[in-house]
Each structure stands twice: as structure tokens, then as C-alpha cells.
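Taking it in order: structure first as C-alpha cells, then the write-up.
The values are calculated or read from the model by the stated rules, or taken from the named source; none is laboratory data. Note that this is a predicted model, so its numbers are computed, not measured. A quick note on method: Cβ atoms are made from the backbone with ideal geometry, for glycine too, and the neighbour counts reach across all protein chains shown.
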Amino acid sequence: MTGTAAGGIRFDQVSVAYGRNTVLDRLDLTVEPGEVMALLGPSGSGKTTALRAVAGFVRPVSGRVYLGDRDVTALPPHRRGIGMVVQQYALFPHMRVRDNVAFGLKARKVPKTEIAARVAEALELVGMSAYATRYPRELSGGQQQRVAIARALAVRPGVLLLDEPLSALDAQLRSGMLAELARLHRELPDVSILYVTHDQVEALTLADRIAVMDRARLQDCGTPQELYRTPRTEFTASFVGNANLLPVTVGSGSVVFAGHHLEVSTGEAAAGTTATLCVRPHLVGLGDGPNTLTGTVTEVQWRGSTHRLHVDIDGHRVKADLRELRQPPALGDRVTLHFAPEDAVLLPTVDAPAEAKTAAGAVHG
């Protein structure tokens, strides 16, 4: 299945406002042909507005939207050659599966002789060929979502927009659909996918790159590994994965946290300045080792294969995710934690506007 529209998306300083309320502020971002880009952020961050600007459902007050080399800013949605899947599936209840999938093709006046073959192709791609004659009410939530994806793919789009497509599914179905979407991405290497989600697991699992949104602006952008292992801002560190963010004073090749001297890379940070040290909980160990921290256990959570400890260190809570312990410490116990120097990232204390600008400038690289 090959896209008929040129792939790739480019936001060129796109802003969207409702009255005096700016809901998307100068977004500058490129999604390469064949790339899966996740827009990740909390509610109200601007991610769905960005997707709707690509779809043509909202008009920017400034900036331009490009699909491939086409400026589509002023084009109506039906002329953009995109496929879109939303959270609520939006299937027609009175139509059978095959007719739902054919709907977009008929709207585009595809020849009748072609429609049946393209419907069959799309249903085969999502594993729903055996359900072509059923009605939506006869399908599970996951099956309905597959049909919605088939309908979007039947028009052979160069760009596929997914707006929180799995949020209405339970955890097990969501996991299965993530695997299916990953498979679809491998089988449709020319289709660019813009995936809006607030779920970090979905973004980390599926995306080639993640654009982190907050307060209507792009805050950071990079591969899942880059954003998880070496976040550039406190917001990215806290929103992409789980993080211990420890206030520290920078020394020469080390930092001080709550009276503990910790050996970490300080980069270009000046001695005597304050900063934030990011350490992922799963990289914190129990017992002696490099960079030890001593404190009091305030909470123990059993999570099946792991225990999460919450440890109070001079008024600061530090989390440690440990492989399931046979005899976990009790509340009030004094424990020692440790982490390797290479597992910590030093961040500026405050996300300055210049950082967001740097992140935006890096998205084209």
C-alpha cells in the first residue's frame, strides 16, 4: 500500500489562537517522510491543536503548514490527502465494516471497480478481513479501532494522523494495539505518522522521535533514547519516564546534595551555581556503591516484579525501583542508596525560554 500524497509534515512557526488565548505558539517542527513523530504532553499543551492544524480543522493565525512540498495552510481537509484516526473511532453504526472502510474512498470518488480491492487490502493489513460483514456493535473496542485505522489507510495517505487512538482501550488491548501499530509502521515505511498522546509508554514504544509539548510550546524534541537518557530540561525529565530531580550545588567535577558529595559530570556548569541532578529510579541501587545516599524509608510499594522504595533524605524524596526484594526494608528503616556517575544528568534548575528555542532549532537535524 503506497501513499498517494507526498509524505512528511512541516510546521513553519505555526501559531493558533482562540481570541486572546494562544493554544499553539510558534511551532517549528519537521516530521520526515516515513517517520513516526509522537506529540507528547499534558492536557492543554497544544499537541491536539497541532494535529488539527495539519488536518485542516483549525486555521493558524500565523505560520504555514506543509505536507511534503505543498503549502496546505489554506486547503480544506478533504483536499489534503491525509488519513486520521481519533479516540472515539467514529464508525458509522448502521454500516457494515466494509462499508465503513469504503466511506472515504467513495467520498473521494474512487472508481467502484477499485473500491472493493482497496477495502480488502486495508482490512487485510489490520487483520480484520474476516469481519467485513459485521456491524461495529458486533466488534470489541480493539477491533473497532482496527477498522478505523483500515478506513484511514484505505485512501492510501502519505500522512496518517492518530489522535489518542488507544486511550479508550483497557491496558491489555492497548498493549496489543501498540504492537499492531508498530507492525503497520514496518509495513508502511513511506507513510509519515503524527501520533498525539499523553501516555509516555505509547510514545517511547512507537515513535522514532518525540516532540514534548507544554504550555502551547515545543519544549524538547529527540529520539526516545535521547529524551529518556539525556533530557535537556526538567520538564522533559519528569514527563518522559520517571525521574528523581535533586537540587544540587555544583563543585569541581562533583555536586553536593543534602550534604552528600556526588561524583558526576558537571559539563560546563560553573562551580558554586545551583542545578538539578536527574537520576532515573531504576538506576538507583540498594546498599553501598558509588555516590551513596543515606536516608529513611517512608514508603514501600510492591509492583509485582519490582519494589519501589521512597526514601527521605534531608527532606527530599528519592525513589528507587529495585528487582523484587525477598525482604524489603520496613517503614522507618535507615537505608543506603547508590547510583553510578554515568547514570546521572545535570540539568539547569529552570527551563529558560532559550532552552525551548534550542530544542525547536534541533528538530530539523
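See the values below:
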read-out	value
Within the range 1-20, considering residues that are at pLDDT below 95 and out of contact with any Asp or Glu (no Cβ under 8 Å at 6 or more places or on another chain), the one surrounded by the most Cβ atoms within 10 Å (Cβ to Cβ)	A5
Residue, surrounded by the fewest Cβ atoms within 10 Å (Cβ to Cβ), within the range 102-114, restricted to residues that are under 13 Å from A150 (Cβ atoms) and not small (G, A, S)	F103
Conditions (1) within 30 Å of L206 (Cα to Cα); (2) exposed (fewer than 14 other Cβ atoms within 10 Å of the Cβ); (3) among the acidic types (D, E); number of the one not met by E234	(2)
Residue match in the range 217-237 (condition: in a helix (DSSP H, G or I), of a type in the set (S, T, N, Q), touching a Pro at 6+ places or on another chain (Cβ under 9 Å) and more than 19 Å from G44 (Cβ to Cβ))	no
D190 in the same structural domain as G158 (by TED's automatic domain parsing) and either buried (at least 20 other Cβ atoms within 10 Å of the Cβ) or within 11 Å of the chain's Cα centre (by Cα) (or both)	no
Among residues of the range 238-251, those that are assigned to a helix (DSSP H, G or I) and either closer than 29 Å to L184 by Cβ or among the hydrophobic types (A, V, I, L, M, F, W, C) (or both), counted	1
Some residue of the range 265-285 being in contact with a Pro (Cβ under 7 Å, 6 or more places away or on another chain), among the hydrophobic types (A, V, I, L, M, F, W, C) and touching a residue at least 12 places away in the same chain (Cβ under 8 Å)	yes
Wholly enclosed strands (runs of 3 or more DSSP E) of the range 252-300 bearing at least 3 residues farther than 25 Å from V240 by Cβ	260-263
Filter result for the condition that a residue is buried (at least 22 other Cβ atoms within 10 Å of the Cβ), touching a residue at least 24 places away in the same chain (Cβ under 8 Å) and not in a strand (DSSP E or B), over A182, A211, A203, A168	A203
Options G141, G63, G68: the member that is in the same structural domain as S15 (by TED's automatic domain parsing), modelled with pLDDT under 90 and surrounded by 14 or more Cβ atoms within 10 Å (Cβ to Cβ)	G141
